[in-house]
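Each remark here refers to the structure printed beneath this line.
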There are 4 protein chains.
Amino acid sequence: MSRNIIIEKGSYLPAPKREVELVERKGLGHPDSIIDGIMEEISKELSKAYLNEFGKILHHNVDKGQVCGGGTEVEFGGGHFRKPIYILLTGRATTKAEGKEIPVQHIALKTAHGYLKKAVRNLDVEADVEIESRISDGSADLVELFLRGPKVPFANDTSFGTGYAPLSDLERVVLQAEQHLNSDPYKAAHPEVGEDIKIMGLRDKDKIKLTVAVAFISKFVHNIDEYVKFKWRIRDDLISLSKKITQKEVEVFVNTADDVENKSVYITLTGTSAEMGDDGSVGRGNRVNGLITPFRSMTLEAAAGKNPVNHVGKVYNVLSHDIARQIVEEIPDVEDVTITLLSQIGKPIDQPKVASAEIITKDGNYDRIKDNVHYIIDKNLENVTEATNKIVFGKVTVF
Amino acid sequence: MSRNIIIEKGSYLPAPKREVELVERKGLGHPDSIIDGIMEEISKELSKAYLNEFGKILHHNVDKGQVCGGGTEVEFGGGHFRKPIYILLTGRATTKAEGKEIPVQHIALKTAHGYLKKAVRNLDVEADVEIESRISDGSADLVELFLRGPKVPFANDTSFGTGYAPLSDLERVVLQAEQHLNSDPYKAAHPEVGEDIKIMGLRDKDKIKLTVAVAFISKFVHNIDEYVKFKWRIRDDLISLSKKITQKEVEVFVNTADDVENKSVYITLTGTSAEMGDDGSVGRGNRVNGLITPFRSMTLEAAAGKNPVNHVGKVYNVLSHDIARQIVEEIPDVEDVTITLLSQIGKPIDQPKVASAEIITKDGNYDRIKDNVHYIIDKNLENVTEATNKIVFGKVTVF
Amino acid sequence: MSRNIIIEKGSYLPAPKREVELVERKGLGHPDSIIDGIMEEISKELSKAYLNEFGKILHHNVDKGQVCGGGTEVEFGGGHFRKPIYILLTGRATTKAEGKEIPVQHIALKTAHGYLKKAVRNLDVEADVEIESRISDGSADLVELFLRGPKVPFANDTSFGTGYAPLSDLERVVLQAEQHLNSDPYKAAHPEVGEDIKIMGLRDKDKIKLTVAVAFISKFVHNIDEYVKFKWRIRDDLISLSKKITQKEVEVFVNTADDVENKSVYITLTGTSAEMGDDGSVGRGNRVNGLITPFRSMTLEAAAGKNPVNHVGKVYNVLSHDIARQIVEEIPDVEDVTITLLSQIGKPIDQPKVASAEIITKDGNYDRIKDNVHYIIDKNLENVTEATNKIVFGKVTVF
Amino acid sequence: MSRNIIIEKGSYLPAPKREVELVERKGLGHPDSIIDGIMEEISKELSKAYLNEFGKILHHNVDKGQVCGGGTEVEFGGGHFRKPIYILLTGRATTKAEGKEIPVQHIALKTAHGYLKKAVRNLDVEADVEIESRISDGSADLVELFLRGPKVPFANDTSFGTGYAPLSDLERVVLQAEQHLNSDPYKAAHPEVGEDIKIMGLRDKDKIKLTVAVAFISKFVHNIDEYVKFKWRIRDDLISLSKKITQKEVEVFVNTADDVENKSVYITLTGTSAEMGDDGSVGRGNRVNGLITPFRSMTLEAAAGKNPVNHVGKVYNVLSHDIARQIVEEIPDVEDVTITLLSQIGKPIDQPKVASAEIITKDGNYDRIKDNVHYIIDKNLENVTEATNKIVFGKVTVF
């Protein structure tokens, strides 16, 4: 059956062409990202356990979770926890099928501990975090559906996913800046830089302004002078990095709320603001391409933790970005493309109600590329279940 | 100082003109709406308590919270709870200022209980819900800022709000359908209709299709025949209602996942799916105009629970919708308007970095209305603090 | 089969004959008593629900629970809660038998709320208490045993119960003093007297000294003078009461830790110290006769919350006191009697391994009364299941 | 000031002379012992932290805590967790003094994790246990008292402690049997033997019957035959051990509730019944000498977790046993001694209101030993604060 693919000239103004562009990324150690990361990792581990036991991923949606900030007393060179961070894991997952059981709570708690230790290097998870799982069993009907369902799964809902390409200069700068500061080599060289890095990028015509909030780690910062030096270093590093990405002028401001004179600055014990009362929820941070882009097409769906099989809020968002990326890579004439996939509940996910591509070409000519775009979309929908594998085995990001 | 107000011809296709339009509303008893409602009510009660004690609303952001679904055993005519619903309240709120204390936890728990009883009439809150507050104290700096800050508050963040008007036919149908079914008179006449009503509206060209999920209440439904009769009644009622709102053809489907033959239908003890494992999080449901509108401009910000003074994610979203509404009401030529307000952290919120109106007029003429639009925007920003009052005293919705 | 009943001359010194006697009672509003009371009430309500549904009391032991103290700010005339009291209900109870379900969590939470409201009149349970149930399902084997077990249940364990009679003067003074201050008429006349009343009675030869800790309720005490007046009134009331009970000299000291000069006195919002951080656990307070009597025979078993059918730690303790009471009532020659019932796991509870009575008579003659004592013990064991009824329907205390 | 030491001829029948004697020990992995152990370890670690920071142990009483059993699915050779064990830590502890802070929650959580790993070798604490601390801050008054109090602390309450010596044959058999099975060498040789070992010893005249419940560990037991073989080995080992301790006849019964035919036997994943729903509370298990001895003098006080400085319920119980032990060791004529120490609230703990020794000598002569006993009691009270050190540094048991 042929797919309902609509390709049209985009009637929108691409973000990079707007006068003002706003982009944000909440880094790995931000409370919203922490809980996105934990729940997504749990979904991946559950998926692998299901595959292992049943040869299929069974029903789960662990796309809810909460970080409740703790309390710390921090000073240059050290500090301590007053109140632990509390993390609530929730959602639903299949615990039993075909007479076999999957230790969902065990996997959830083990994964949460393991993930946290990697994501926030200086957090003593055992002593300073309380983790509670309220993940409950899914419905029996859904167990059957996932076990004995069709080869191409049916959409769980009438919903849609959207994605675009390419990233604008601003988007690339914001994304790569956080990835750089949170990379292993950077952390090895600069242990004082915590994982809670929030970058707000604002482009006003041709000038980019990055406002960077970095949680420094107290035990590696011994006094206010060192702190200031470290801040300048980050600024310099990000300016150097930006020059490799864009030719626009880039200004970088680090921890603008600091009051250096009164030594009231952004230092933490652990490198995450979750230690000091900042809460986080699944789905309140980055979209699947790692960014919050208010002037781009986005969905509200929290992808993290959703089942990667038939949850349109996850699969179609990941797929839309992937398709958009392929289109701009393979068709040089495309300046900007926005993909939207609209599902129909209960219909195979390779047959969306509408798959639409809104395209802006460099030369204004659309007819020449239409077939090519159609082919890419069609092929990706044909192989829609590959998106599931990419998600489970970590080949794509979801936050 | 004059405001940076930009008024331009909209380059977008208004949602009602698209071939396909998708609109969703999660009703009052939906788990996401329940927790939105609780946290927003807590914000309002805290605001009133602060006003009462200090003459000013103090810092709080109780915009995080989680409903973890319970477990029930339901049958026609009755049933019982196996596992209570668990509700986690979180966020931050000022507990102390000027030597006076505000009993934040007391207000939070009392408000949560009271709100739940109203929002889900058939829920025995004492026996079937566990509520826990992990709301923690806000930082001392922010206490000062709110107490002795300027008359026009400074934006808490670089962020933006957006709103549009008018509602499309589909949007009005979806919104009013839920409001009708959850109105006091309707509930009095039809006690079997629970508050968890989720309406998905899809317009395909000129045909509207409403997919309505209604949690029926078991003690008022005695057998499968009665159930089916009740479903038809809702369908008929919504078709009648729709005819008053739109001239488009409207089809209504209620509880499409039912398997009537096997008596596997959507009945609940309480009228909310939260009783059976469905979770809810703040900010995962309706936007401030009560709808989820993927083809309209939206922000990810969860308005519910945020402080109504300087949190741009709340104030600017409410204000944008309000401005847009005023524009279409006062200027008949305007067919569609989208307002976007971009804040600058630390700057007065009546001075956004950009206030933009993208306008589509009925006759294509923009010059004639520009001054009028400018005036409306300017006046609203001038009186920005009125938005705060409207929120606190319940004159506007936030979810 | 004849019972192994041993009656012998007591080799111990009865408590009232010791030089020093120590007796304590933790009143209804003491944190340990609060949780004893809640869990016992839950056991009673579960028992009734089982009787109702199955005609038999099914397996449960909800004899674990915890009150974690809250936080309040109190002043003469008022105050408020800073942190709610947290109450954890735990233990095991049968949720399912013969295809029917008992809503254990619903009963537990509802009962806990209801009991608390009565036991601590001035506590706003909804706003200032968080209650969580972690009661879990019992094992399937035990369901069968209770459903289809023998008419006389088998002992759940090798354990023992013990009781004595009569109460000494000191014991009666301590017990009745608390009961008086917590009686409805007294509360009606003296609303300032909270339910958390702890009485420590010390008899040194012929002088009795009562040390009484009373949580006053702030909204009924307007200043330090009133407070002092109220304290004296309690002292006077208890001295009057004591005179009706004993001819020994009785001194009464109320709230000895008060520092009246600095207005540091024992006032509370609610009448229980649980509001200010004092914790309580099941089984850490009064024994089944309502007293802690270190110089009497006691068991460590927490009776509250245990199943009243075959849990020796509950049934035998209640029965031992009951038998002892009957013996002294019916046989005037008996000065003091201590009953000990030792069970054998898996044997009918009307056939203890040993039922022993240690008796001290007024005239030193034992032979005359032996038959009579034997008869009373034998009859009570014969009708052992009546103890269950007395417990379930509140005819005997268990704490 | 001379102490009020009363030495008299015991009027009681020593337990070993009774016809029937009952003794119980809940081993290290029993849920009651687990939580006793955790809270006592927290008290010790807090004490060390206070000593380190302030040179004095500050106020704390972390003598409340709860283990809520989890859920497992177990089979020969393996199994998995369905529901984690939940552990609640509660009580009060000083967090701040002299401007310095002690990270109480951090110490509590870290200690609980560390202790659990040692006490239950096969428990994967991270994945299968949820630990929550609700330990709250103590009152400011008590901080001062502990910091600047007198050299000999004042009793926190009017209460008493009691102890006796020597252990009877039955007591030694019960105590050493558990210690043997839970010793490192035994565990190394017999990894299938879990730490949850409950021993009930009953002596009926000259015959001792040990009823031993041992939680076997499934991964080390591959089938029912192996299980039965392991049970017999334990029986044989305990009979051998008993022969070294007593000349009485000893019978040993292991896991009497097993139904071998139906393979319904006592195997666990972890070696503790807490994995399968069994709850534990502080103070509901062994007394300070490691035993529950209903026919001996005991107090209800939970020693575990109490502050070892001035909490009479801890210090006087430990000291009474220690004194009794010294008396029988140093004075061969003493057959049995029971020590009782009665405190007076607010008086120095080296000056109890009464220190009484009830003594039974082998030859019936008391006068000869009185001075010696008096000297031992007096010396121990003189050096009462040494008991504190013994407790903190683990030289004595408290459960």
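The values are calculated or read from the model by the stated rules, or taken from the named source; none is laboratory data. Predicted model, so just to flag it, every value in this text is computed and none were measured. Note that we place each Cβ from the backbone using ideal geometry, even for glycine, and neighbour counts take in every protein chain shown.
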### Query
How many residues are out of contact with any Ser or Thr (no Cβ under 8 Å at 6 or more places or on another chain) and either part of a strand (DSSP E or B) or more than 9 Å from chain A (Cβ to nearest Cβ) (or both) when one looks only at segment D:94-103?
6
### Task
Could you tell me which numbered condition C:Thr211 fails, if it satisfies all but one of (1) crowded, with 23+ Cβ neighbours inside 10 Å; (2) within 22 Å of the chain's Cα centre (by Cα); (3) within 14 Å of chain D (Cβ to nearest Cβ); (4) farther than 30 Å from C:Leu58 by Cα?
(1)
### Message
Can you report the number of residues in segment C:50-62 which are within 13 Å of another protein chain (Cβ to nearest Cβ) and in contact (Cβ under 8 Å) with a residue 60 or more places away in the chain?
### Response
4
### Query
Does segment A:66-85 include one or more residues that are over 30 Å from A:Gln351 (Cα atoms), of a type in the set (A, V, I, L, M) and part of a helix (DSSP H, G or I)?
no
### Summary
C:Asp378 fails exactly one of (1) touching an Asp or Glu at 6+ places or on another chain (Cβ under 8 Å); (2) surrounded by fewer than 24 Cβ atoms within 10 Å (Cβ to Cβ); (3) not in a loop (DSSP other than H, G, I, E, B), namely (1)
### Message
Can you tell me how many residues within segment B:30-65 are in contact with a helix residue (DSSP H, G or I) (Cβ under 7 Å, 6 or more places away or on another chain) and part of a strand (DSSP E or B)?
### Response
4
### Task
Take B:Ala274 and decide whether it is outside any helix (DSSP H, G or I) and surrounded by 24 or more Cβ atoms within 10 Å (Cβ to Cβ).
no
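Yes/no matrix, rows are residues, columns are (1) closer than 23 Å to A:Asn122 by Cα; (2) more than 14 Å from chain B (Cβ to nearest Cβ):
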{"position": "A:Lys244", "(1), (2)": "no, yes"}
{"position": "A:Lys248", "(1), (2)": "no, yes"}
{"position": "A:Asn255", "(1), (2)": "yes, no"}
{"position": "A:Asp258", "(1), (2)": "yes, no"}
{"position": "A:Ile267", "(1), (2)": "yes, yes"}
{"position": "A:Thr270", "(1), (2)": "yes, yes"}
{"position": "A:Gly283", "(1), (2)": "no, no"}
### Query
Given the structure, is C:Glu45 over 25 Å from the mean Cα position of the chain (by Cα), charged (D, E, K, R) and farther than 30 Å from C:Ala355 by Cβ?
no
### Task
Scan the helices (runs of 4 or more DSSP H) fully inside segment C:104-205 and keep the ones with 2 or more residues being crowded, with 19+ Cβ neighbours inside 10 Å, among the charged types (D, E, K, R) and away from chain B (no Cβ under 14 Å).
C:169-181
### Query
Regarding A:Ile331, is this residue more than 18 Å from the chain's Cα centre (by Cα) and either crowded, with 24+ Cβ neighbours inside 10 Å or among the β-branched types (Val, Ile, Thr) (or both)?
yes
### Query
Can you tell me which residue in segment A:9-29 is nearest to the other protein chains (Cβ to nearest Cβ), limited to those that are within 24 Å of the chain's Cα centre (by Cα) and part of a loop (DSSP other than H, G, I, E, B)?
A:Pro14
### Summary
Of those in segment B:62-80 that are more than 19 Å from B:Ala127 (Cα to Cα) and among the charged types (D, E, K, R), the residue surrounded by the most Cβ atoms within 10 Å (Cβ to Cβ) is B:Lys64
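When you scan segment B:269-288, do you find a residue that is out of contact with any helix residue (DSSP H, G or I) (no Cβ under 9 Å at 6 or more places or on another chain) and among the polar types (S, T, N, Q), even just one?
No - not one qualifying residue is present in segment B:269-288.
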## Note on the structure
Residue count, segment B:167-203, condition over 19 Å from the mean Cα position of the chain (by Cα) and either more than 26 Å from B:Ile339 (Cα to Cα) or of a type in the set (Val, Ile, Thr) (or both), comes to 9
### Task
Output yes when any residue across segment A:352-367 is surrounded by fewer than 23 Cβ atoms within 10 Å (Cβ to Cβ), touching a Phe, Trp or Tyr at 6+ places or on another chain (Cβ under 7 Å), within 14 Å of another protein chain (Cβ to nearest Cβ) and assigned to a loop (DSSP other than H, G, I, E, B), and no when none is.
no
#### Entry: Residue check, A:Val288 surrounded by 19 or more Cβ atoms within 10 Å (Cβ to Cβ), at pLDDT 95 or above, touching a strand residue (DSSP E or B) at 6+ places or on another chain (Cβ under 8 Å) and in a loop (DSSP other than H, G, I, E, B)
yes
### Task
For A:Ser343, indicate whether it is surrounded by 20 or more Cβ atoms within 10 Å (Cβ to Cβ), of a type in the set (Ser, Thr, Tyr) and either more than 14 Å from chain B (Cβ to nearest Cβ) or in contact with a helix residue (DSSP H, G or I) (Cβ under 6 Å, 6 or more places away or on another chain) (or both).
yes
### Message
Looking only at residues that are without any contact (Cβ under 8 Å) to a residue 60 or more places away in the chain and hydrophobic (A, V, I, L, M, F, W, C) in segment B:121-139, which one is farthest from B:Gln66 (Cα to Cα)?
### Response
B:Ala127
### Task
Name the residue, out of C:Gly77, C:Gly70, C:Gly65, that is away from every other protein chain (no Cβ under 12 Å) and in contact (Cβ under 8 Å) with a residue 40 or more places away in the chain.
C:Gly77
#### Entry: Hits in segment C:97-130 - residues which are more than 30 Å from C:Pro185 (Cβ to Cβ) and among the aliphatic types (A, V, I, L, M)
C:Ala97, C:Ile102, C:Val104, C:Ile107, C:Ala108, C:Leu109
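For every residue, the table says whether it meets (1) of a type outside the set (Val, Ile, Thr); (2) in contact (Cβ under 8 Å) with a residue 40 or more places away in the chain; (3) closer than 20 Å to C:Phe160 by Cβ.
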{"position": "C:Ile345", "(1), (2), (3)": "no, yes, yes"}
{"position": "C:Pro352", "(1), (2), (3)": "yes, yes, yes"}
{"position": "C:Lys362", "(1), (2), (3)": "yes, no, no"}
{"position": "C:Arg368", "(1), (2), (3)": "yes, no, no"}
{"position": "C:Asn372", "(1), (2), (3)": "yes, yes, no"}
{"position": "C:Glu382", "(1), (2), (3)": "yes, no, yes"}
{"position": "C:Ala387", "(1), (2), (3)": "yes, yes, yes"}
{"position": "C:Lys390", "(1), (2), (3)": "yes, yes, yes"}
{"position": "C:Phe399", "(1), (2), (3)": "yes, yes, yes"}
### Scope segment B:309-347; condition in a strand (DSSP E or B) and closer than 22 Å to B:Lys395 by Cβ; matching residues
B:Val337, B:Ile339, B:Leu341
